[in-house]
Amino acid sequence: MFENVSFISSVYNLKDVPHNALPEVILCGRSNVGKSSFINSLFNRKSLAKISSSPGKTRSINFYDIDETFYIVDLPGYGYAKISISEREKWGKLVSGYIHEGQNIALALHFIDSRHKPTQLDVMLNEMLKTTGIPYFFVLTKTDKLKQSEFSQSAKMVSEVFSEAKINENLVLFSSIKGRGQKEIKKIFRNMFY
Ligand code: GTP
Ligand code: MG
C-alpha cells in the first residue's frame, strides 16, 4: 500500500485534464503552504513533486497515481502577492473550474500554515468546497516550526474561522520534515480507497 506512486501529468488548461475513472484527492491552499512537500514526505520520495524554491512557480495541475487506486491532484496555490492580476485570475479560474467540474473528487485537503490565521482566500476556498459538497479535511502544515504548547492554539486559530474544524476529526497537524500527521493521513486514505 502506497508503494506504487508515480507522476502522471501536468495540465495548464481545464480542457487538457485527463479523463480517468479513479477517485481523486485534491490538494488546495495558499502558495508556499507545503502542498507539494506533503506528497514527497508522505510517499517518502525526494522529488516526486516539484517544490517551488520561489513560491508561485507551480502553475499547473499535477496528477499523481497511487497504487492505481486513487489520484492525488496537486492544485496550484493561491495568494502569492508577486503575481500579476491576470495571472492570478487565470489561477483562480483553473482552480475553481477544477473544483466545480471535477467528477471524481472524493476528498479535498485544505492546507493552512499552522503559524498563520486563515485568509480571505482560505474562506473563499472553504465556501467553494461547501457549495460543491466535496468532503474536506484541514491540514495544518509546518508544525515543526511550532512549540508543542502552540499546537492547540494553532488549531484554535483555524476553528475560529471555520467552526467545523476539529482536531482528531477533520483537522490534521502535519510536518513534512518531522513526518507528523503521516499516519493520520494514510489512515484516511486507507479507509476511503482500500
Ligand atoms: P505552491 O506550489 O507555490 O502552491 O507551494 P506549495 O504549497 O506546493 O509549497 P511547497 O511544498 O513548494 O513548499 C514551500 C516551502 O515550504 C518550501 O521551501 C518547503 O521546503 C517548505 N516546507 C514545506 N513543508 C514544510 C514543513 O512541514 N516544514 C517546514 N519547516 N518547511 C516546509
Ligand atoms: Mg506546489
DSSP beta bridges in the chain [antiparallel fraction, %, rounded to 5]: 35
The chain: calculated mean residue ellipticity at 222 nm from DSSP helix runs of at least 4, using -39500 (n - 2.57): -10000 deg cm²/dmol
Stokes-Einstein diffusion coefficient of region 5-193, Kirkwood radius over Cα pairs, 4 °C, 1.567 mPa s, in µm²/s: 78
At least 15 Å along the helix axis (C-alpha) and Kyte average at least -1.0, DSSP helices within the chain: 85-101, 120-132, 151-161, 182-193
Sites residue 1 and residue 177 - FRET efficiency at Förster radius 30 Å, r taken between beta-carbons, to 0.05: 0.80
Inter-site label distance for residue 188 and residue 152 at 7 Å from Cα along Cβ, in nm: 2.2
Within region 5-193: Cβ-based charge dipole about Cα centre, in debye rounded to nearest 20 (Lys, Arg +1; Asp, Glu -1): 700
Viscosity 1.567 mPa s, temperature 4 °C, Stokes-Einstein D of region 59-116 from Kirkwood C-alpha radius, µm²/s: 99
Signed unit charges on C-beta, dipole axis of region 5-193, positive-most listed residue 167, 12, 136: 167
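Quick note: the coordinates plus some simple rules give every number you see, no bench work behind them. Given the structure is predicted, the values throughout are model-derived calculations rather than measurements. Positions of Cβ are generated from backbone atoms using ideal geometry, with glycine treated the same way; all protein chains shown enter the neighbour counts.
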